[in-house]
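The values are calculated or read from the model by the stated rules, or taken from the named source; none is laboratory data. Since the structure is predicted, the reported quantities are computational estimates derived from the model, not experimental observations. Here Cβ is always computed from backbone atoms with ideal geometry, including for glycine, and neighbour counts include all displayed protein chains. Note: accessible area is taken over every heavy atom of the protein model, side chains too, but ligands, DNA and RNA are not part of it. Shrake-Rupley method; radii C 1.70, N 1.55, O 1.52, S 1.80 Å.
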Amino acid sequence: MSIFMRKLRGRARFIKRAVWYSRGQYDRECPICGYSGRFLPYSWPPRIDAMCPSCESVERHRLMALALKERGDLLKSGDDVIHFAPERWLRPFLASYGLGNYRTADIREGKADEVLNIEQIDMPDGCVDVAIASHVLEHVDDARALPELFRVLKPGGRFLCMVPLIEGWDTTFEDESIASMKERKKHFEGKRHLRYFGRDLRDRMAAAGFEVDEYTAEGTDVVRYGLIRGEKLFIGRKPEL
């Protein structure tokens, strides 16, 4: 058999397998909308069983929702919240907590309630109980954003943070010379990403003043809710006065 025919047969097998997996492999549950059944693939290369077909949440959204359900100290009724680059899948879920002043923010006009730059937040000191930024810090200068997030929190406030992170790396991988979208996609898995965080994210948060905690789903919860094994929600607390 020629090399061409072997390649053609290999591609045909890949396409057949991709179609098979696109139907979903196992029944899952969504802690955001309550859907139960097969999930859909998401992204490219596709992650199997990643997206809830009902509310369109993906793994990181469901992990945050699960953490909020299990950890009553993270979000409370009456809390004032600022949510950066807000995920529409989470908004109804967050609203169910009976929050105080819930505001969304984005650097682009028309994307949220307020236009705010997370590196220089136009808000007074100590004005919110909770700040949320999921998969935001890899897009910005985190050395500027983290102190700003700390500043706007009230004493005892919480910063809920998720980022692409490799636990096996001691330090964050970033390189200012990697500037084009093509090269950023190649190195950081995102065209607009500036870095891939390592374990030192905890040190970066602590340097801004945060007491750092974290939440990771384990065992059957990962399977039940279709989560990424080892993915973490980081919690930065502003110390009480």
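Structural remarks
- Cβ screening of the chain for cysteine pairs under 4.7 Å finds these without a partner: Cys127, Cys161.
- Label-reachable residues, the range 192-213, where backbone N falls under 17 Å from a point 7 Å from Asp170's Cα toward its Cβ: 197-204
- Of the residues Ala50, Ala179, Ala217, the one that moves most in a GNM of the chain with alpha-carbon contacts below 10 Å is Ala179.
- Distance (nanometres) between label positions extended 7 Å along Cα→Cβ at Arg38 and Ser2: 3.7 nm
- Using only alpha-carbon positions in the range 138-185, the gyration tensor eigenvalues give semi-axes of 26, 14, 9 Å once each is multiplied by 5 and square-rooted (largest first).
- Seen from every direction in turn and averaged, the convex hull around the alpha carbons of the range 113-173 projects onto 4.8 nm².
- Every Cα-Cα pair in the range 77-159 was counted, and those over 23 Å apart are 14% of them.
- DSSP loop GluC sites (Glu not before Pro) with at most 14 other Cβ within 10 Å excluded, longest remaining stretch of the chain: 1-108
- Relative to the compact-globule estimate of 2.2 N^0.38 Å, the Cα radius of gyration of the range 103-208 comes out at 1.11.
- Extended-chain gain in nm, criterion 0.36 nm per residue less alpha-carbon gap, Val223 and Glu189: 9.8 nm
- Net length gained if the chain between Ala143 and Tyr97 were fully extended (0.36 nm per residue, minus Cα distance): 13.4 nm
- Residue-wise HN-Hα couplings along the range 229-241, as the Karplus relation 6.51 cos²θ - 1.76 cosθ + 1.60 with θ = phi - 60° gives them from phi, are 4, x, 5, 10, 9, 9, 10, x, 9, 8, x, 5, 5 Hz; Gly and Pro carry x.
- Per atom type, the range 63-186 shows carbon and sulfur on 49% of its accessible surface, probed at 1.4 Å.
- Counting every pair of alpha carbons in the chain, the share spaced more than 24 Å apart comes to 52 percent.
- Helix 3-21 vs. the chain, principal-axis angle (Cα, 0 to 90°, nearest 10): 50 degrees
- Legend: calculated FRET efficiency, Met123 to Gln25, from the Cβ-Cβ distance at R0 = 45 Å, rounded to 0.05, equals 0.50.
- Of the trypsin sites (Lys or Arg not before Pro) in the range 204-236, those whose Cβ has at most 13 other Cβ within 10 Å and which sit in DSSP loop: Arg229
- Under 20 Å, Cα to Cα: Lys pairs in the chain, sequence gap 8 or more or different chains: 7
- When the chain is treated as a Gaussian network with alpha carbon springs shorter than 10 Å, the biggest mean-square fluctuation among Arg28, Arg88, Arg151 belongs to Arg88.
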